[in-house]
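The values are calculated or read from the model by the stated rules, or taken from the named source; none is laboratory data. Note that the structure is predicted; figures quoted are calculated from it, not measured. FYI the Cβ positions are ideal-geometry reconstructions off the backbone, even for glycines, and counts take in every protein chain you see. Keep in mind that these areas ignore ligands, DNA and RNA; they rest on the heavy atoms of the full protein, side chains included. Shrake-Rupley method; radii C 1.70, N 1.55, O 1.52, S 1.80 Å.
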Amino acid sequence: MPQLPDDLTKLAEHFGIALEFKDWKHRDLEISQESVTAVLGALGVDASTAESRAAALTELSDATWRRVLSPCTVVEFGRGISIDVHVPAGSAVDVTLELETGGVRTGRQIDNWEADRWIDGAPRGEATFFFGTEVPLGYHRILAQGQEGRFEATLVVTPGHVGFPTAMGEKRTWGYATQLYSVVSKKSWGVGDLADLADLVAFSGAQQGAGHVLINPLHAAQPTAPMEPSPYLPASRRFLNPLYIRPESVPEFADLDRRDRSRVKALRKSLRAPDGEPRAIDRDGSWKVKQEALRMIFAAGRRPARQILFDHFVEREGDALKDFATWCALAVEFGNDWREWPQPYQDVDSEEVRRFAAEHADDVEFHTWSQWIAGQQVSAAQTVAEEAGMSLGVITDLAVGVSRSSAETWAVPGIFADGVTVGAPPDDYNQSGQDWGQPPWRPDKLEEVAYAPFREMVASAMRRSGGVRIDHIIGLFRLWWVPQGLGPRHGTYVRNNHEALIGILALEAHRAQALVVGEDLGTVEPWVRRYLARRGILGTSVLWFENDEGRPLDAHRWREYCLASVTTHDLPPTLGYLAGDHVRLRDSLGLLTEPLQEELDAAREEQSAWLDKLVTDGVLERECLDDPAEVMLALHRYLLRTPSRVLLASLTDAVGERRTQNQPGTIDEYPNWRIPLGDASGNAVTLEEVFEAELPVRLAAVMNETEQRPGTET
């Protein structure tokens, strides 16, 4: 352990700040005092001197006893529920439980031998009330009535195990993974959209026999240029990016007169690239013209029944939607970074913001309406999935966090830690560490608001889908906090209340009958994977990373509760990976710490082991070793040998693409998140061409186990 002052160690332990960690080479590394002090500062604790640390420890100890009720208690169903209350010593208190579905239960006081404490010059006592083990699932209210008045808190009862949705039954399911913006059709506006998603779902389910389509996060981005290209660095994780709307699919498009419909058609055609040209995805250009079309449709109004639905949507989403739409209108006026706005507009509750919203009511309503339309088009894609017989349908993706200049940091700034961002420590894949530029939620502040932002975000993601993938689900357990100015090498882990976060995730999944997949790649404490499996949440297994002391992991040893795939969006598609494109790319970007040839040799050795495994296990004929497409198909055959219940094939593999979508550790050095779907030569491939291509048919035959297997020819 690092030689830190005892009081600093106690503060770190109170807030779940790691003092050491095990790196990717299994070395125990100590965290510096500078890093620990900086992270405590981000949590509002001055730990710079012995005096300030002593004062902080006293305040933390007293704060619990000043509070009558802890703001939020999260428990698993079937476990005994005990609630502690703190009141003036010797005074009476009644504690009751109001159930979410109605009804009241009275707590039974049980023994509590905790001694009274002197707080603020007077003695306070602690009493404990028991509510049994059969409180139903849901969000309930705890009420305490005593000498000091009436106090409320939240009790969340969560399912112990989520598991697979009923629609899956006992069957295995497979599906495609794709970056939606890259899948462009002849009718889309330069960026793959939600109508393209519905068409891809129809093709995948009805023709290919797939059970799901996993897409990138659809989170809201900036409302004006420059728009952040990464779907994993959004402006809001609760709301959607209207860039994905297909204007012609909005019902009110039919109400436009002939001139306006012609104008919309001309706007779309202005974005069309020459056939086959691999032009990078241009979000700014697409949104500029698409927004013009959407504003025309918005101005057309709505028939009474549609207006009723819109009004219901606005009421359901409440103040969060109003604040987000106001932020969008302000961003158009003053720029995307609210920290650079005139001072009065940096405060969501200021009179100037309220006045601006009133004076720009039409703009605010447009951004509100855009959210409604985007949500309807996501729902339409899920409806197509149901009609196509998919067991799951659309699986959405949930990013780790939001950008520092986001709508969320503007609307609820007190929830976020100051002066830190999250990332990852150095590892084998990125040996300099990573700083993702996202401010973390403060665990203590989340508890104070009963995890409302997390709950609302998760519920929204599951409302219109068959499942959700949680990017870096390890972040619900701990996150690597990077103090400003110190760099990712000098960060440390900060623990979240995983029992609360995973519990709420499980509850929302249970209510939505949705599959939950956690991306648990990288450096993961072994107990975390066991915990996720116990709660019925799937992990993620990528073939290239599944090994046992350097050897490919035998198929029967893979997890049942995992989403199994050959590759991921942070690696090249399989054909590019087999060619070593990922190593050469990292070398060209200066991300390697070892010589290029050594890294290439290591990559070939890794691949050689897998190729030998494929041949030995009978999923690839030896004479096909030099055929990349055959190797790609064999790798997917191997997935079928595993017990994994949910399998994934990349759409880029289905068309022979080689280019990666994202190179971790870079921003603009590589065109991350801007690569359109293409073939092995880099030529653009439209969605319509995917429908007619041969390789997707062959890949689907593998995944459906309907192809003629090697060695069975007659």
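Within the chain, DSSP assigns beta bridges of which about 60% are antiparallel (rounded to the nearest 5). Subtracting the Cα-Cα distance of Lys269 and Arg295 from their residue separation scaled by 0.36 nm leaves 7.6 nm.
Surface listing: His219, His14 arranged by accessible area from highest to lowest gives His14, His219, probe 1.4 Å. Of Asp23, Asp116, the order by accessible heavy-atom surface (1.4 Å probe, DNA, RNA and ligands excluded), from most exposed downward, is Asp116, Asp23. Each stretch of four or more DSSP H residues adds -39500 (n - 2.57); spread over every residue of the chain, this sum gives -11000 deg cm²/dmol at 222 nm. In a DSSP loop and with at most 16 other Cβ atoms within 10 Å, the GluC sites (Glu not before Pro) in region 615-712 are Glu621, Glu669, Glu694, Glu705, Glu707.
Annotation: amide H of Ser432 within the under-5 Å range of Asp427, sequence separation 5 or more or interchain, hydrogens built in the peptide plane. Largest accessible area first, the residues Lys613, Lys445 order themselves as Lys445, Lys613 under a 1.4 Å probe with ligands, DNA and RNA left out. Couplings 3J(HN,Hα) for region 62-75, derived from phi with the Karplus relation 6.51 cos²θ - 1.76 cosθ + 1.60 (θ = phi - 60°), are 6, 4, 4, 7, 5, 7, 5, 10, 5, x, 8, 10, 10, 9 Hz, where x marks Gly and Pro.
Under 12 Å from the Cβ of Gln597, count the other residues' Cβ atoms, weight Lys and Arg +1, Asp and Glu -1, and hand me the total.
Values: positive: Arg584, Arg604; negative: Asp587, Glu594, Glu598, Glu599, Asp601.
My count for the surroundings of Gln597 gives -3.
Karplus-derived 3J(HN,Hα) values for region 389-394, using 6.51 cos²θ - 1.76 cosθ + 1.60 with θ = phi - 60°, are x, 6, 6, 10, x, 7 Hz; glycine and proline are entered as x. Short-range pairs are left out: with C-alpha atoms under 8 Å and at least six residues apart, the relative contact order of the chain is 15 percent. Taking 24 Å as the limit for the C-alpha separation, the pairs Lys22/Lys613; Lys186/Lys290; Lys187/Lys322; Lys186/Lys265; Lys187/Lys288 exceed it in the case of Lys22/Lys613; Lys187/Lys322.
Between Asp587 and Thr706, the FRET efficiency from the beta-carbon distance, with R0 = 35 Å, is close to 0.30. Work out the FRET efficiency for Glu98 and Ser52 from their Cβ-Cβ distance, taking R0 = 51 Å, and round it to the nearest 0.05. So the FRET efficiency works out to roughly 0.80.
Which one, (1) 181; (2) 226; (3) 217, gives volume of the Cα convex hull per residue in Å³ as derived from the coordinates shown? Only one listed value fits the structure, namely (1). A simple packing score, the average count of other Cβ atoms within 10 Å per residue, orders the peptides 503-509, 399-405 as 503-509, 399-405, with the highest score first.
A 1.4 Å probe, protein heavy atoms only, puts the accessible area of Thr568 near 30 Å². The packing ranking of peptides 467-473, 349-355, highest mean first, is 467-473, 349-355, where packing means the average number of other beta carbon atoms within 10 angstrom of each residue. Dipole magnitude for the chain: computed about the Cα centre from +1 point charges on Lys and Arg Cβ and -1 point charges on Asp and Glu Cβ, it is near 1760 debye. Model label points for Glu359 and Lys445, set 7 angstrom from Cα along the Cα-to-Cβ axis, are 2.9 nm apart. Sparse packing (at most 11 other Cβ atoms within 10 Å of the Cβ) combined with a DSSP loop state is found for the following trypsin sites (Lys or Arg not before Pro) in region 128-181: Lys171.
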